[in-house]
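Worksheet for the structure shown next.
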Amino acid sequence: MITLRNITLQYGERYLFSDATASIGAKDRIGLVGANGAGKTTLLKLIAGREPYDAGSIDKANYVTLGYLPQDGIAAHGKTLFDEVHTAFSNVIDLTKRIEDANDRLHTLDTATAEYAETLELLGEWELQLEDLDVARIPSRIESILLGLGFQSSDMRRMTDEFSGGWQMRIALAKLLLAQPSLLLLDEPTNHLDVESQAWLEDFLRRYHGSLLMVSHDRAFLDSLITRTFEVYQGALTVYTGNYSKYEVQSVERRAQLEKAYVKQQRELAKTQQFIDRFRAKATKAKQVQSRIKALDKVERIEIETEADQVAFSFPEPPRSGQNVIEVKDLRKCYDDLEVIHSANIRIERGDKIAVVGVNGAGKTTLAKVLAGVEPFQSGERIVGGNTSISYFAQHQADELDPELDIFETIERVAEFGNNTSLRSILGSFLFQGDDVFKKVKVLSGGERNRVALAKMLVQPANFLILDEPTNHLDIRSQDVLRGALEKFPGTFLIVSHNRDFLDSIVTKVLEVRKDGLSLHPGNVSDYLARLEAQKAATQQVAAAVPAAKASTSSLNPKEQRRLRAQQQAKLKPLTDKLKKAEAEIADLESQQSEYEKQMADPDFYKDPKKSQEVLTTYDDNKAKIEAAYELWSDLSDQIAAAE
């Protein structure tokens with residue numbers, strides 16, 4: 001379908017691509033991977049025809065159409081959301097116009113002329129094409145995709161000018177998905193999507209009839225979709241079979257094989273060179289020497305790629321916080337007349353590892369700012385626990401760095417410990433070495449700025465980390481390092497992120513932010529999504545069963561209807577009894593926890609180490625029991641709702 005032949009692109013002395021060759025077939029699912037700055041986005045632009053290259057060719061079949069989604073920078077103006085997205089069907093608009101023009105022309109032509117017959121034939125072909133496009137279903141297709149990407153029905157007639165940058169990218173993505181090009185070129189398509197919209201897009205792309213080439217730093221998203229991997233590294237384009245996880249294994253194996261071949265070749269080259277050096281001056285060996293020299297010149301040398309630089313760090317040991325890290329009660333937050341957080345209640349305890357999820361605009365970032373103490377609120381309480389120290393990483397932290405400071409000055413101004421040597425050591429772990437530390441922030445790339453912002457957190461020891469989209473601009477390897485540091489972090493953290501793979505192995509709770517409040521769920525993000533799917537399936541099952549149930553009961557007489565209701569109540573009773581038991585257990589355990597917390601707040605509590613340890617152990621055990629009881633309560637509630 002598309003073939004890249006010996007693509008070469010040079011920037012100054014650096015080759016971004018050198019003789020890059022690959023092919024993209026029909027229905028291919030390809031992940032484009034590589035470190036930040038390796039050239040992934042550039043390759044997408046080359047294929048899309050947005051940038052020139054120095055040498056080589058990109059051959060494309062005539063029937064192939066391309067759809068390109070950049071990371072950002074797209075904005076739509078002057079139309080309603082529905083009308084803007086409808087422009088994806090430009091072929092329909094064009095066909096409709098041609099049909100109208102042909103009909104008008106037929107009225108002016110003599111029916112006996114060849115032009116009339118030709119126009120009539122073309123009109124028939126165009127009407128068949130229009131019929132194949134199923135024009136009647138276009139409005140429902142538009143609405144289905146917009147709803148899947150997180151828009152509301154009420155948004156359809158809003159002007160596109162009203163939508164922010166993230167929503168503008170969703171509009172562009174919706175148009176691409178509706179246009180259905182032969183090849184979708186997607187650069188970080190999940191960047192502006194919440195968890196539920198990501199799940200919808202993943203399912204849509206899995207069923208997409210065309211080919212897909214995409215850049216993503218979400219390993220789970222890649223693993224679920226791709227069947228081939230293109231790796232961009234030091235000017236080379238290497239093709240692997242399989243998803244990202246298989247690519248990781250294969251790339252390690254390939255390097256090991258390459259190193260063995262390199263060692264063997266170097267040994268053989270050394271022997272040949274020794275022969276040349278030894279017999280170069282002997283006339284009797286001149287012919288053999290010349291033959292070896294020519295052979296040596298023709299050898300294609302194996303080159304070993306240098307290991308990619310990687311961030312390496314760990315968070316400093318934080319001071320121990322109290323059991324209650326932070327709590328909010330009946331919190332209400334507004335921006336002018338817009339209420340963002342309504343009657344929010346949550347208590348975060350020592351050791352909690354929490355992921356924050358919710359649709360875009362629900363208030364996740366606002367909640368993080370309120371918890372961090374950088375955003376005021378209108379009413380309610382924010383109670384910071386004893387000895388809680390907070391470190392906050394803002395979503396756009398990298399953009400808030402002073403552009404006129406250099407990297408070292410940025411760190412030095414906020415450092416609470418360490419001398420010049422230790423601060424430079426920390427910066428070195430983030431790949432800022434030697435004179436690099438004196439680079440101005442304004443000349444750094446997005447990934448470099450994010451690393452500086454993370455380094456700032458290391459020089460401010462804290463036992464409660466609040467991180468808002470910390471993986472933005474970090475490649476998968478750097479994400480792995482950050483995840484490893486968080487796995488070993490002994491304190492408490494709360495992370496706002498849409499990156500399911502990054503979160504799943506490090507969080508134990510999911511905080512769902514909704515317009516009407518907050519709810520805490522045990523487990524990781526995948527557990528949370530599975531629970532949502534189960535609830536959705538149960539709701540759909542109930543919705544489908546209601547008409548049939550009404551039809552079957554409407555024909556019954558009152559006595560039979562009463563008997564049927566009694567049977568239904570009898571079936572529900574075991575479930576409702578279990579629900580009441582779970583509620584009673586939760587109330588009892590929470591009452592015990594409150595008593596223990598009063599004891600722990602007493603300054604004399606720790607004077608008796610044996611007794612205090614018993615209380616702390618029981619307190620931690622009760623936390624696990626409460627989580628299990630809440631999970632049981634949630635499952636029983638779903639079962640009762642479905643049965644009713």
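Computed values, structure above
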item: Residues satisfying the stated conditions in the stretch 597-644, i.e. without any contact (Cβ under 8 Å) to a residue 24 or more places away in the chain and either under 24 Å from Ser519 (Cα atoms) or in contact with a helix residue (DSSP H, G or I) (Cβ under 6 Å, 6 or more places away or on another chain) (or both); result: Gln599, Phe605, Tyr606, Ser612, Val615, Asp620, Asp621, Ala624, Asp635
item: Matching option when the condition is more than 24 Å from Leu529 (Cα to Cα) and hydroxyl-bearing (Ser, Thr, Tyr), among Ser211, Ser224; result: Ser211
item: Residue ID - surrounded by the fewest Cβ atoms within 10 Å (Cβ to Cβ), chosen from residues in the stretch 362-375 that are over 21 Å from Arg350 (Cα atoms) and free of Cβ contacts under 8 Å to residues at least 40 places away in the same chain; result: Val374
item: Pair list, Cβ < 8 Å and 6+ apart or interchain, from the stretch 177-189 residues that are surrounded by 20 or more Cβ atoms within 10 Å (Cβ to Cβ) to residues that are outside any strand (DSSP E or B) and among the basic types (Lys, Arg); result: Asp187/Lys40
item: Long-range neighbours under 6 Å by Cβ, at least six apart or interchain, first residue outside the structural domain of Leu120 (by TED's automatic domain parsing) and over 14 Å from Glu125 (Cα atoms) within the stretch 95-107, second polar (S, T, N, Q) and in a helix (DSSP H, G or I); result: none
item: Members of the stretch 498-515 found to be out of contact with any Ser or Thr (no Cβ under 6 Å at 6 or more places or on another chain) and surrounded by fewer than 22 Cβ atoms within 10 Å (Cβ to Cβ), listed by number; result: Ser505, Ile506, Thr508, Lys509, Arg514, Lys515
item: Count of the stretch 440-488 residues which are free of Cβ contacts under 8 Å to residues at least 40 places away in the same chain, of a type in the set (A, V, I, L, M) and assigned to a helix (DSSP H, G or I); result: 1
item: Matching entry among Asp406, Asp352 (being acidic (Asp, Glu), buried (at least 17 other Cβ atoms within 10 Å of the Cβ) and under 20 Å from Leu467 (Cβ atoms)); result: Asp352
item: Among residues of the stretch 146-176, those that are within 20 Å of the chain's Cα centre (by Cα) and either touching a residue at least 60 places away in the same chain (Cβ under 8 Å) or over 25 Å from Ala362 (Cβ atoms) (or both), counted; result: 13
item: The stretch 206-223: number of residues that are at pLDDT 90 or above and either more than 22 Å from Leu178 (Cα to Cα) or in contact with a strand residue (DSSP E or B) (Cβ under 6 Å, 6 or more places away or on another chain) (or both); result: 7
item: Extreme residue, farthest from the chain's Cα centre (by Cα), among residues of the stretch 389-413 that are modelled with pLDDT of 80 or more and aliphatic (A, V, I, L, M); result: Leu405
item: Options Ile390, Ile383; residue that is in contact with a Leu (Cβ under 9 Å, 6 or more places away or on another chain) and closer than 23 Å to Pro319 by Cβ; result: Ile390
item: Scan of the stretch 509-529 for residues that are in a strand (DSSP E or B) and of a type in the set (D, E, K, R), ordered by number; result: Lys509, Glu512, Arg514
item: Residue within the stretch 364-381 that is under 20 Å from Val510 (Cβ atoms) and touching a Gly at 6+ places or on another chain (Cβ under 6 Å) present; result: yes
item: Those residues of the stretch 335-349 which are over 20 Å from Gly150 (Cα atoms) and surrounded by 14 or more Cβ atoms within 10 Å (Cβ to Cβ), in sequence order; result: His342, Ser343, Ala344, Asn345, Ile346, Arg347, Ile348, Glu349
item: Top-ranked residue in the stretch 121-143 [being exposed (fewer than 15 other Cβ atoms within 10 Å of the Cβ) and modelled with pLDDT of 85 or more; ranked as nearest to Leu205 (Cα to Cα)]; result: Ser140
item: Which listed residue, of Ala117, Ala88, is among the aliphatic types (A, V, I, L, M), part of a helix (DSSP H, G or I) and free of Cβ contacts under 8 Å to residues at least 60 places away in the same chain; result: Ala117
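The values are calculated or read from the model by the stated rules, or taken from the named source; none is laboratory data. Quick caveat: nothing in here was measured; it's all calculated off a predicted structure. Here the Cβ is made from the backbone with ideal geometry for all residues, glycine too, and neighbour counts use every protein chain on show.
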